[in-house]
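Encoded as structure tokens, the structure appears first; notes follow it.
The values are calculated or read from the model by the stated rules, or taken from the named source; none is laboratory data. Every value quoted in this text rests on a predicted model; they were computed, and no experiment measured them. Because the Cβ atoms are built from the backbone with ideal geometry, glycine has one as well, and the counts that use them run over all protein chains shown.
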Amino acid sequence: ARSKVTPIKSSPFRLKEKNLPKHLENRSEKTEAEPGPEEQPNMDLAIQDYQLNEALTLLKGLHILGAQTARQR
């Protein structure tokens, strides 16, 4: 007994992202890329975002700890 997969026609009531408010736009449809500012790390974001700040602090601590244990070996 084999199963057969048949495609289902899309429902007109099915939600699509492009139909939602504040949906993401497809940048590939634009004909010309807009020149943006050079990407620079934004340290203000790390100060404003508590979780990001804590994650950075943890990573810095792990880096220091790893360097100390490497010296002890």
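Give the residue, chosen from 18, 9, that is at pLDDT 70 or above, loosely packed, with under 10 Cβ neighbours inside 10 Å and in a loop (DSSP other than H, G, I, E, B).
Details: 18 fails: in a loop (DSSP other than H, G, I, E, B).
Being at pLDDT 70 or above, loosely packed, with under 10 Cβ neighbours inside 10 Å and in a loop (DSSP other than H, G, I, E, B) holds for just one of 18, 9, which is 9.
Take region 26-73 and flag every residue that is assigned to a loop (DSSP other than H, G, I, E, B) and modelled with pLDDT of 75 or more.
Matches in region 26-73: 26, 49.
Scan (1) part of a helix (DSSP H, G or I); (2) modelled with pLDDT of 70 or more; (3) surrounded by 10 or more Cβ atoms within 10 Å (Cβ to Cβ) for the single condition residue 23 breaks and write down its number.
(1)
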